[in-house]
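Written out below as C-alpha cells is the structure these notes cover.
Values quoted throughout were computed directly from the atomic coordinates according to the rules given, and no laboratory measurement underlies them. Because the structure is predicted, anything quoted here is derived from the model rather than measured. Because the Cβ atoms are built from the backbone with ideal geometry, glycine has one as well, and the counts that use them run over all protein chains shown.
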Amino acid sequence: MLYKDLIASKKWFTMSLLITLMIPGAGLLALTQFTEEMSQEDALEVAAVAVQNYVDENPPRQGWRATKTYIGLDNNLVVDVHVPRFDHAEVIRTRKERFK
C-alpha cells in the first residue's frame, strides 16, 4: 500500500522516470535495426588491424619488434616478432604452445 500511495502521489516522478528510460531504449532499439553480421573473415581482418595498432603502440618487450601481422592458414591471427637476443628466442622456442 505504501508504494502504491507513493507512486500515485508522485505521478510526475513516475512519468519522468518512464520517459527517461524509454527514450534511450527506443534509440537503442532503432540502432539495432541497422546492424549487420560480420563474417569470420571480416572479423579476422578487423582484429588483425586492431592487434597491429596495439602492438605498434605497445611493443611486446624492449628491443623486440613486431614485423608482420597476418591471418594464418588455420584462420588464426599470427603476429611475427623479431627477437634480437638469442637467449630470449631460446626460451620462447622451448615453451609448449599455449593455444591450439
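Can you pull out the residues in segment 50-95 that are in a loop (DSSP other than H, G, I, E, B) and within 27 Å of Gln40 (Cβ to Cβ)? Lay out the reasoning, then the answer.
Of segment 50-95, the ones in a loop (DSSP other than H, G, I, E, B) are 58-64, 72-76, 83-85, 95.
Once the filter is applied, which keeps residues that are in a loop (DSSP other than H, G, I, E, B) and within 27 Å of Gln40 (Cβ to Cβ), segment 50-95 yields Asn58, Pro60, Gly72, Leu73, Asp74, Asn75, Asn76.
Taking the conditions exactly as written (acidic (Asp, Glu) and within 18 Å of the chain's Cα centre (by Cα)), does Glu37 satisfy them or not?
Numbers: acidic (Asp, Glu): yes; within 18 Å of the chain's Cα centre (by Cα): yes.
Answer is yes for this residue.
Can you pull out every residue in segment 40-49 that is surrounded by 12 or more Cβ atoms within 10 Å (Cβ to Cβ) and closer than 12 Å to Val79 by Cα? If the condition is that a residue be surrounded by 12 or more Cβ atoms within 10 Å (Cβ to Cβ) and closer than 12 Å to Val79 by Cα, then Ala47, Ala48 are the ones that fit.
Looking at Glu41, is it outside any helix (DSSP H, G or I) and among the charged types (D, E, K, R)?
Working: outside any helix (DSSP H, G or I): no; among the charged types (D, E, K, R): yes.
Answer is no for this residue.
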